[in-house]
1. Working carefully through the options V115, V125, V164, find the one that is among the aliphatic types (A, V, I, L, M) and either in contact with a Lys or Arg (Cβ under 6 Å, 6 or more places away or on another chain) or away from the ligand (no atom under 15 Å from the Cβ) (or both).
2. Count, please, the residues in the range 83-108 that happen to be surrounded by fewer than 16 Cβ atoms within 10 Å (Cβ to Cβ), within 12 Å of the ligand (Cβ to nearest atom) and charged (D, E, K, R).
3. List the residue pairs whose Cβ atoms are under 9 Å apart, where the first residue sits in the range 133-157 and is farther than 21 Å from G84 by Cβ, the second is part of a loop (DSSP other than H, G, I, E, B) and modelled with pLDDT under 95, and the two are 6 or more positions apart or on different chains.
4. Name the residue, out of D77, D131, that is over 23 Å from Q8 (Cα atoms) and over 16 Å from the mean Cα position of the chain (by Cα).
5. Could you check how many residues of the range 8-34 are touching a residue at least 40 places away in the same chain (Cβ under 8 Å), within 13 Å of the ligand (Cβ to nearest atom) and surrounded by fewer than 21 Cβ atoms within 10 Å (Cβ to Cβ)?
6. For residues that are acidic (D, E) and at pLDDT 95 or above, scanning just the range 54-113, find the one that is nearest to Q143 (Cα to Cα).
7. Being of a type in the set (V, I, T) and either farther than 19 Å from Q101 by Cα or out of contact with any helix residue (DSSP H, G or I) (no Cβ under 7 Å at 6 or more places or on another chain) (or both) is true for just one of I172, I235. Which residue is that?
8. Considering each of Y159, Y174 in turn, give the residue that is more than 15 Å from the chain's Cα centre (by Cα) and of a type in the set (F, W, Y).
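The values are calculated or read from the model by the stated rules, or taken from the named source; none is laboratory data. Keep in mind that what you see is a predicted model, and the values were worked out from it rather than measured. Note that each Cβ is placed from the backbone with ideal geometry, even for glycine, and that neighbours are counted across all protein chains shown.
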Amino acid sequence: MQLKYPWQTIKEYKEILFQQYNGIGRISINRPEKHNAFTPLTVQEMSEAMELARQNPEIGVIVLSGEGGRAFCSGGDQSVRGHGGYVGEDTVPRLNVLDLQMQIRRIPKPVVAMVAGWAIGGGHVLHVVCDLTIAAENARFGQTGPNVGSFDGGFGASYLARIVGQKKAREIWYLCDQYDAQDALQMGLVNKVVPLEQLEETTVAWCQKILEKSPMALRMLKSAFNAELDGQAGIQELAGNATLLYYLSDEAKEGKNAFLEKRKPDFSKYPKFP
Ligand code: S0N
């Protein structure tokens with residue numbers, strides 16, 4: 001799939017691309033010969049790029065994709081799966097994709113999955129944890145865990161069930177069937193389906209709409225959607241944003257200033273809202 005927009009490389013990696021265009025960061029798995037299956041290194045690179053995108057004030061939204069137009073991601077690379085996880089050059093087995101899933105969920109900027117071709121196994125879970133998914137007509141979705149001796153009992157099960165319902169999520173995992181883009185749209189698994197040649201421009205158009213919105217409102221909404229599902233960790237995320245907002249207020253600054261000026265704080269002028 002040839003991209004039409006002038007994406008600029010932010011940093012060179014071995015197994016991913018990390019680029020930006022007009023406030024949009026793009027993290028794309030670059031192993032098309034393996035349908036973009038991930039190794040520990042792929043995930044480590046994605047994780048670093050995700051953190052760089054989080055810290056970069058010029059990036060307001062992140063697109064996750066796979067190179068080649070035939071696959072978004074086909075999950076963990078089975079050829080490097082060892083005992084206890086996927087094995088990289090250091091010979092240590094890792095399941096570091098779980099940390100990446102948490103990063104996607106916690107980053108206070110919307111993450112949009114741009115899915116062409118296969119989103120299977122751990123690759124399917126990656127699109128599930130993204131805030132939004134835009135699918136090309138050639139996209140195919142599914143889990144394979146019980147076929148290949150694997151499962152994702154975290155977001156891959158519970159969050160999937162929140163999206164498509166318990167019965168459908170169990171069907172997806174127990175039968176390991178594959179679903180086309182229209183099936184996925186029908187079950188609420190993706191937000192929009194477009195012809196492959198319109199995938200990039202539609203994704204960019206959605207991102208640009210998002211970028212016009214209040215970043216703080218988006219940040220609060222993302223943590224609010226998470227809070228309902230993520231228990232104490234979700235409340236911690238939402239509360240962190242409440243603290244951020246409070247720190248911006250004169251009322252909070254009065255507390256800090258009084259401490260530094262070694263005087264009693266005067267909170268009397270701040271409203272006691274009904
Ligand atoms: C995607 C499928 C259905 C596409 O079939 P198609 O079109 O016939 O293409 P193929 O010829 O099969 O593939 C083309 C080339 O790509 C290689 N390849 C594809 N997928 C993988 C893969 N996942 N690992 C390694 N190689 C892959 C093919 O081998 C082929 O190469 P050549 O031409 O050289 O033979 C089909 O490809 C398919 O079914 N793929 C496997 C999908 C799969 O089972 N993925 C793994 C599922 N499990 C996970 O992802 C683990 C999840 C996870 O990471 C996790 C999360 C939470 C807790 C634990 C874990 C954990 O790690 O276990």
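1. On the way: V115 fails: either in contact with a Lys or Arg (Cβ under 6 Å, 6 or more places away or on another chain) or away from the ligand (no atom under 15 Å from the Cβ) (or both); V125 fails: either in contact with a Lys or Arg (Cβ under 6 Å, 6 or more places away or on another chain) or away from the ligand (no atom under 15 Å from the Cβ) (or both).
Every option except V164 fails the conditions.
2. The number of residues fulfilling the criteria is 1.
3. Here the result reads A136/M1, each pair linking the range 133-157 to a residue that is part of a loop (DSSP other than H, G, I, E, B) and modelled with pLDDT under 95.
4. On the way: D131 fails: over 16 Å from the mean Cα position of the chain (by Cα).
Of the residues listed, the single one that is over 23 Å from Q8 (Cα atoms) and over 16 Å from the mean Cα position of the chain (by Cα) is D77.
5. Qualifying residue count for the region: 1.
6. From the range 54-113, those acidic (D, E) are 58, 67, 77, 89-90, 99; that's our starting set.
Next, from what is left, pick out any that are at pLDDT 95 or above: 58, 67, 77, 99.
On the way: E58: 35, E67: 20, D77: 14, D99: 19 Å.
Residue satisfying both the conditions and the ranking: D77.
7. Details: I235 fails: either farther than 19 Å from Q101 by Cα or out of contact with any helix residue (DSSP H, G or I) (no Cβ under 7 Å at 6 or more places or on another chain) (or both).
Residue meeting the stated conditions: I172.
8. Working: Y159 fails: more than 15 Å from the chain's Cα centre (by Cα).
Result of the check over Y159, Y174: Y174.
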